[in-house]
Amino acid sequence: MKTLLTGALLLAALAPAAAQAAEPRADQAAFRDLYRELVETNTTLSSGSCTLASERMAARLKAAGLPDNQLTLFSTPEHPKDGGLVAVYPGTSKTAKPILLVAHIDVVEAKREDWERDPFKLIEEGGYFYGRGTLDDKAQAAVWVDTLIRFQKDGYKPKRTVKLALTCGEETNGAFNGVEWLAANKRDLIDAEFALNEGGGGDSDGKGKVLGQSVQVGEKTFANFRLETRNPGGHSSVPVRDNAIYQLSRALTKIDEYEFPVEMTDVTRRFFAEAGAARGDETGAAMVALAKNPADKAAEAIVDKDRFLHGNIRTTCVATLLDGGHAPNALPQRAGANINCRIFPGHAIEAIKAELEKVIGDPGVTVTQLPPKRPAPPAPPLDPKIIGPMEKLVAKYWPGLKVIPSMANGYTDATFLGAVGIPTYGIPGIWGDPDGNGVHGLNERVEVNAVYVGRDYMFDLVKAYADKP
């Protein structure tokens, strides 16, 4: 899932007037029905079907008038329920490269007994839409489908071809991933100058006031490593110094105490400078100082107090799983741990593995990189012709707000697109609350106004790119 700018950061940084929602329109009712169908189609890995959701969205596009030759449903025999959809809305220019609208339609697991409401029913209550995927990422997916439907019904003739890819597998590491499959097997079908994705968006005060909008430009690579120690073991009544669990614990302590060095990209430097200047507090001043001089240790110490900022300026590696031993009355023959690393752009996974081995300094501790291995593409450029329309429309919808570029501490499907040469941006638009809206957790929700206003913003943004290649 996307890693949005930390709500607390933007709440502190930006506080201009919020955009006002338009009065409800007739077209919003049609959109809501599409959105409802998508949310109410279970697309979890355990019991859902992205293939069914894709077929339903294809049916809506076809009903709007898109011909069969512009719709491609795909799946594999090995993963029949993890299928997706690519739709192509042709432009008039023979030279302008297409743009790609991408959204994942799979969702994180949700148990009915844990939720206050049925997670697979779109419920509108108290100014919010509730349901699994309402924010991550079916709101965006529904907007993209709705955009092509509106184009078709309006008879719109864009100069640039607009493509849409709805895919599965973003939420489950190691599962079939639709974007990865398309990039490897149908590259021409999704070929585009750039792509618009999740990862950006707005932050609010939780009361309907939008306080900031961001564009995600780049993200970290993630990798899992298994640390393991082995030993002949023996009877617990005769302990020895050579103990697999103790040996592993010493290695984990060294990783815990190791801090990867501060680094910055053009995006993170700009983010620290602009968001820091807007804060007006000690952390903001330290952010500005660090943007000017990444070697400023005093500024680093202040910035590191914020968990998001700490991770945004370096590679991080943390223990997430632990196992060891085989019997309560025996010395352990084996102990192991999973180390999850979020790797700063520009570093190969193999280089981080070597650094961990150096930090541990014990050849008796093996470090093995676990599959799947993700690509590590370069961050997309801060291209004015791409960022400019976002800024112009944010100024229209939310007067006084700036679009702040950010780098995600996590990763999205942009990883696979960037690896095949399609720069991918997480766009502004739909906003969230300071508490994270229950994304990946219980009672996921999104403000109704955020969906409707975000829909209008995203529609205008796509037209801005399609009209002026």
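The values are calculated or read from the model by the stated rules, or taken from the named source; none is laboratory data. Given the structure is predicted, the values throughout are model-derived calculations rather than measurements. Every residue, glycine as well, gets a Cβ built from its backbone with ideal geometry; the counts of neighbours run over all protein chains shown. These accessible areas exclude ligands, DNA and RNA; they are computed on the full protein's heavy atoms, side chains included. Shrake-Rupley method; radii C 1.70, N 1.55, O 1.52, S 1.80 Å.
First check a/c for the range 419-469, with a ≥ b ≥ c the square roots of the eigenvalues of its C-alpha gyration tensor; if it is under 1.5, answer rounded, and if not, answer prolate when a/b is larger than b/c or oblate otherwise. It would help to have the intermediate numbers written out before the result.
Numbers: a/c = 3.86, a/b = 1.57, b/c = 2.45.
Oblate.
Can you tell me how the range 150-212 classifies by the Cα gyration tensor, rounded, prolate or oblate, using a/c under 1.5 as the rounded cut?
Here the range 150-212 falls in the oblate category.
For the range 263-321, what log10 I(q)/I(0) values come out of the Debye formula at q = 0.22, 0.24, 0.25, 0.26 1/Å, with one point per alpha carbon and no solvent?
Results for the range 263-321 at q = 0.22, 0.24, 0.25, 0.26 Å⁻¹ read -0.78, -0.91, -0.98, -1.05.
Using a 1.4 Å probe, what is the accessible area per residue for the range 194-300, in Å²?
Here the per-residue accessible area is 44 Å².
Using a Debye calculation, one point per C-alpha and no hydration shell, please list log10 I(q)/I(0) for the chain at q = 0.06, 0.08, 0.12 Å⁻¹ in order.
The Cα Debye sum returns log10 ratios of -0.29, -0.50, -1.07.
Please identify the DSSP H helices in the chain that span no less than 15 Å along the helix axis (Cα) and have a mean Kyte-Doolittle hydropathy of -0.5 or more.
Span-like helices here: 26-39, 50-64, 138-154, 244-257, 266-279, 282-292, 349-360, 384-397, 448-467.
So what's the Cα pair-distance distribution over the range 311-448, bin width 10 Å, in %?
Each 10 Å bin holds this share of Cα pairs: 9, 26, 29, 21, 11, 4, 1.
Regarding the range 192-333, what's the average projected area of the Cα-atom convex hull, expressed in nm²?
Dividing the Cα hull surface by four gives the mean projection, 14.3 nm².
Using only Cα atoms, what is the ratio of the radius of gyration of the range 112-257 to 2.2 N^0.38 Å? Write down the numbers at each step before the final one.
Values: Rg = 24.6 Å, N = 146, 2.2 N^0.38 = 14.6 Å.
So the range 112-257 has a normalised radius of gyration of 1.68.
With a bin width of 10 angstrom, please list the P(r) values of the range 186-253 as percents of all Cα-Cα pairs, from the 0 bin to the one holding the largest distance.
13, 20, 16, 14, 17, 15, 5
Can you tell me the accessible area per residue over the range 355-408, all protein chains present, probe 1.4 angstrom, in square angstrom?
For the range 355-408, the per-residue accessible area is 50 Å².
Using the Cα centre of the chain as the reference point, and only Cβ charges (+1 on K/R, -1 on D/E), how large is the resulting charge dipole? Debye, rounded to the nearest 20.
1020 debye
Calculate, in nm to one decimal, what residue 282 and residue 156 gain on full extension: separation in residues at 0.36 nm each, minus their alpha carbon distance.
Result: 40.3 nm gained on full extension.
Work out, step by step, the length gained on full extension between residue 319 and residue 266: first 0.36 nm times the residue separation, then minus their alpha carbon distance; give nm to one decimal.
On the way: separation 53, 0.36 × 53 = 19.08 nm, distance 2.96 nm.
My answer for the length gained is 16.1 nm.
Over what distance in Å are the Cα centres of the range 43-63 and the range 130-152 separated?
Here the two parts' Cα centres lie 12 Å apart.
Taking one equal scatterer on every alpha-carbon of the range 33-93, how large is log10 of I(q)/I(0) by Debye at q = 0.26 1/Å?
For the range 33-93, the Cα-only Debye profile gives -1.09.
Quick one: divide the alpha-carbon radius of gyration of the range 379-469 by 2.2 N^0.38 Å and tell me what you get.
Taking the Cα Rg and dividing by 2.2 N^0.38 Å, one obtains 1.19.
Quote the convex hull volume per residue of the range 77-181, based on C-alpha atoms, as a whole number of Å³.
Here the figure is 138 Å³ per residue.
If you take the Cα Rg of the range 322-373 and divide it by 2.2 N^0.38 Å, with N the number of residues, what do you get?
1.42
Over 20 Å between C-alpha atoms is what I'm after, so list which of 62/163; 209/396; 94/153; 385/463 land there.
On the way: 62/163 15 Å; 209/396 15 Å; 94/153 23 Å; 385/463 14 Å.
Flagged as over cut-off: 94/153.
Could you pull out which residues in the range 228-257 have an amide N less than 16 Å from a spot 7 Å beyond the Cα of residue 366, following the Cα-Cβ vector?
The answer is 228-233, 244-245, 248.
With Rg and the Kirkwood Rh both taken from Cα atoms, where does Rg over Rh land for the range 12-136?
1.03
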